[in-house]
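All of the numbers you see were taken from the coordinates with simple rules; none came from a lab. Just so it is clear, the structure is predicted and the values come from calculations on it, not from any experiment. Counting neighbours? That spans all protein chains shown, and the Cβs are built from the backbone with ideal geometry, glycine included.
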Amino acid sequence: MQKRWVLKPKRNQEKISKLQEALGVNPIIAELLINRDVETFDQARDFFRPSLDQLHDPFLMKDMDVAITRIDRAIGNKEKILIYGDYDVDGTTAVSVVYSFFRDYNSGIEFYIPDRYSEGYGISNKGIDYAYENGFTLIIALDCGIKAVDKIAYANSKGIDFIIGDHHLPGDELPDAVAVLDPKRSDCPYPYKELSGCGIGFKIVQAFLQHNGMPKELAYQYLDLVAVSIASDIVPITGENRILTHYGLKKLNTNPCVGLQALINLSTHKSGSFSVNDVVFQIGPRINAAGRIDHAKDAVKLLTVKTLQDAKPYSDSIDDQNNTRKGYDLKITNEALELLDNDEILKARKTTVLYKEDWHKGVIGIVASRLTEKYYRPTIILTNTNGHIAGSARSVLGFDLYEALSECSDLLDQYGGHKYAAGLTMQTVNVPLFQERFEEVVSKSIKPEMLQQEILIEKEITLKDIDAKFYKILHQFQPHGPVNEAPTFLVKGVTMGYGATIVGSTHLKFSVKQGESPIFDCIGFGLALYIDRILAGRTFDICFSIEENNWRGKKNLQLNVKAIRF
C-alpha cells in the first residue's frame, strides 16, 4: 500500500532563530527541538542532559499521602498485603517492582495476577475472594482498577482496603478505594500525566522512601523494569517517561535484574546495546507470552527471583511459550488473510471483522494489529471462549474506535479500551449483526485519508546537511518512542550512488547522492520492488531516518529509507 507523505507544518521562524542563537546549533536542529516543545536554553539543557533529579515529587499525586499512610500502617501492624496487577508487560513489571520492594518490609506480602481466560482484565471477584479467604486486608492494584467501582464496593463489603495505582482514563465515578492514584484524574495536580502503570508503582516506592527518610537511590534498582514497561506499553517518551527510560536503558544494558538478564541471554540482540525498539521486539513479547499462553504469574516470578540459577527455569518456560505464541500468531494471521483475500465483498469494506471459533484468544490482539497494518482500516478479530465471543480491536490513525464501538453497544455484552485499541464480548448470535453494524458506523464517519497510512516527515533537508556533527546531536534526541520519534527527513532529487542490490527477498541495499553531495549508504526494508528503476538511473525522492551502521567494527552513517517516490 502506498503511504501518504505528510510534511509537518513549518514552525515559528522567530522561535527557531532565537533557540538556534541560544544553543549555537544549526537551524534544522533548532526546529526539531521546537517540534518537541523545547523552546529555551534551560529546556534544551534538560532535554539533552536528563537527570533523575528532574523527577517530580511523588506526593504531588492526588491521594499519595493517604496511600503511604495506609501502607505504613499495614506494615506496622503486620497485615497481609496483596499486590494485584494486569497480565501484560506493564502490569507484571508494576507488580514486580512493588512486590520486590515491599517484601523486604512485610513478610505477609504476596502478588496476584488474574487469569486472562477465566477472569479477564482488571479486578475480579475471584481475586477479591482469594484475598478474603487468605486473610489479606490490603490490596494494592497496579495498571488496573480505575473503573472497578462495583469490584471495590464488593471488596469493601469483605473488609478489604484497596489502593488503586492506575494510568488509564477514569470513568464518571471513581471507585471508593482508600486511595486512587491516577495522574489522569481531573482533580490530580501531578505535573506529568503519561506515566505507565509500572511508573505509578515506581512513584509509590519513591514516596515510601521519601516519607520514611530512606535513600532515594533504593528506588533506582527498578529503573530497568520501568523502562521495559514504558517501551512495551507504547506510552509517550516525553518528560518524566523520557528520564525514566534513559536511565532504565542504562541499567538494562549494564546491570539488569536477573530476570531481565535471563531474557536478554535468550534474545538475538547483542547484550549491552538494547534500545527502546529492541525491548519492544525482544523482551516485551516474551514477558507477554506468559499471560497469552499460560499464566502471567510466571512472568512476575521470573522478574522477582534473586539469582540467575532461579531465573533460568522461568525464562526457558517463557521462551517456549513465546515460541508457541509465534506459532498461533502465524497460523491465525494466515487464516485471517486467506478469509479476506478470498472474499471480494470483505476486501472492499472499510472495516475488517473476522470470526473463527477456534482462534486462540491470547493472540487475537496481535493478529488484529497485523491485519490493520496490511489493510489499514479498523479491525476486529473474534473468537469463541467459554461459550462467549471475545474480540480484540485495533484502529487507524485519527479514527476513534471506542466511539464506534459505543454505537454498537446494544449488540455487546461488554467493551472497553481507548481510541486505538479495545476489547469486547458478545453473544454468538450477534456476530453477523455486529459485522454489518460496525461497517455501517465506520463507513459513515471515517475520512478517506484515514484509510491510507501516512509517513510524518519532520523536515525537508539536503544530503549536504548530514554530517558526523549533525548526527552526534541528533543521536542525543534518544530514547525514541511515541511523541519523540526518530526524526524522519525528506530529500528530493537523488540518484543512485555506487549501486543497488536486493537483500533477502524484499529488502533493498543501495546508495544515493544529490548533485555534488557525498554518497550515502541506504537500507530500505520491503523496498526491493524499486530496484530496476533505481538501477536505470532515474531520479527520485526519499524519506528516511539517520542511523549509525556498525559492520565488523567499522561505523558509518546510513539512511534508513521508509519510502521512495519517483
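Residue by residue through the range 405-420, which ³J(HN,Hα) values in whole Hz follow from phi under the Karplus form 6.51 cos²θ - 1.76 cosθ + 1.60 (θ = phi - 60°), with glycine and proline marked x?
For the range 405-420, the Karplus-derived couplings read 5, 5, 6, 10, 4, 5, 9, 10, 7, 8, 7, x, x, 8, 4, 10 Hz, x marking Gly and Pro.
Where the eigenvalues come from the Cα gyration tensor of the range 1-151, what are the semi-axes √(5λ) of the equivalent ellipsoid, largest first, in whole Å?
46, 22, 12
Rounded, prolate or oblate: pick one for the range 523-566, where a ≥ b ≥ c are the square roots of the eigenvalues of its C-alpha gyration tensor, a/c under 1.5 means rounded, and failing that, prolate if a/b is larger than b/c, else oblate.
It is prolate, given that a/c is not under 1.5 and a/b is the larger ratio.
First check a/c for the range 232-291, with a ≥ b ≥ c the square roots of the eigenvalues of its C-alpha gyration tensor; if it is under 1.5, answer rounded, and if not, answer prolate when a/b is larger than b/c or oblate otherwise.
Cα axes put the range 232-291 in the oblate bin.
Kirkwood hydrodynamic radius (Cα pairs, Å) of the range 109-232?
15.5 Å is the Kirkwood radius here.
Amide H neighbours of THR352 under 5 Å, at least 5 residues apart or on other chains, H built in the peptide plane: list them.
Distant-sequence amide H within range of THR352: THR379, ILE380.
Semi-axes of the equivalent ellipsoid for the chain, please: Cα gyration tensor eigenvalues, times 5, square-rooted, ordered largest first, whole Å.
The equivalent ellipsoid of the chain has semi-axes of 41, 31, 23 Å.
Once you put a point 7 Å from the Cα of ASN255 and another 7 Å from the Cα of GLN478, both along the Cβ direction, what distance in nm separates them?
2.1
Could you list the residues of the range 159-180 with an amide nitrogen less than 16 Å from a label point located 7 Å from the Cα of ASN77 in the Cα-to-C-beta direction?
Backbone N within reach: 159-163, 178-179.
How high is the FRET efficiency from GLU21 to GLU485, r the C-beta distance, R0 22 Å, rounded to 0.05?
Here the calculated transfer efficiency is 0.25.
How high is the relative contact order of the chain? Use alpha-carbon pairs under 8 Å, at least six apart in sequence, and give a whole percent.
Relative contact order comes out at 11 percent.
Return the equivalent ellipsoid semi-axes of the range 366-482 as a descending list in whole Å, where each equals the square root of 5 times an eigenvalue of the C-alpha gyration tensor.
Rounded to whole Å, the semi-axes are 39, 16, 11.
How far is helix 284-293 tilted off the main Cα axis of the chain, in degrees rounded to 10, range 0 to 90?
It works out to around 50 degrees.
Starting at the first residue of the range 110-126, write each ³J(HN,Hα) from the Karplus equation 6.51 cos²θ - 1.76 cosθ + 1.60 with θ = phi - 60°, in whole Hz, x for Gly and Pro.
With coefficients 6.51, -1.76 and 1.60, one gets 9, 10, 9, 10, x, 7, 4, 8, 8, 10, x, 6, x, 5, 10, 4, 4 Hz.
Against the longest principal axis of the chain, how steep is helix 364-375, in degrees 0 to 90 to the nearest 10, with axes from Cα atoms?
20
Once every DSSP H run of n ≥ 4 in the chain is given -39500 (n - 2.57) and the sum is divided by its residues, what mean residue ellipticity at 222 nm do you get, rounded to the nearest 500 deg cm²/dmol?
Result for the chain: -12000 deg cm²/dmol, rounded to the nearest 500.
Shape call for the range 455-565 from the C-alpha gyration tensor, a ≥ b ≥ c root eigenvalues: rounded (a/c under 1.5), prolate (a/b greater than b/c) or oblate?
It comes out rounded by the Cα gyration axes.
Taking θ as phi - 60°, what are the ³J(HN,Hα) couplings along the range 5-22 by the Karplus curve (6.51, -1.76, 1.60), each to the nearest whole Hz, with x for Gly and Pro?
For the range 5-22, the Karplus curve yields 8, 10, 8, 4, x, 5, 8, 4, 5, 5, 5, 4, 5, 5, 5, 4, 5, 5 Hz.
How far is helix 223-232 tilted off the main Cα axis of the chain, in degrees rounded to 10, range 0 to 90?
70
What does the charge dipole of the range 455-565 about its Cα centre add up to, to the nearest 20 debye, if the Cβ of each Lys and Arg holds +1 and the Cβ of each Asp and Glu holds -1?
Dipole about the Cα centre, nearest 20: 220 debye.
Multiplying the sequence separation of GLU217 and THR307 by 0.36 nm and subtracting their Cα-Cα distance, what value in nm do you get?
Using 0.36 nm per residue and subtracting the Cα-Cα distance, I get 30.2 nm.
Excluding residues fewer than 8 places away in the same chain, name every one of the lysines whose C-alpha is closer than 30 Å to that of LYS151.
LYS62, LYS78, LYS80, LYS126, LYS184, LYS193, LYS203, LYS297, LYS301, LYS361, LYS419
Could you work out the relative contact order of the range 58-317, using alpha carbon pairs under 8 angstrom and six or more residues apart, expressed as a whole percent?
With pairs under 8 Å counted, the relative contact order is 21 percent.
Given R₀ = 60 Å, FRET efficiency for GLU133-LYS492 by Cβ-Cβ distance, to 0.05?
0.30
How far apart, in nanometres, would the label points at ASN556 and LYS444 be if each is projected 7 angstrom from Cα along the Cα-to-Cβ direction?
Modelled inter-label distance: 5.8 nm.
In which sequence would ASP521, ASP161 go, from the one with the fewest C-beta neighbours within 10 Å to the one with the most?
Fewest-to-most Cβ neighbours within 10 Å comes out as ASP521, ASP161.
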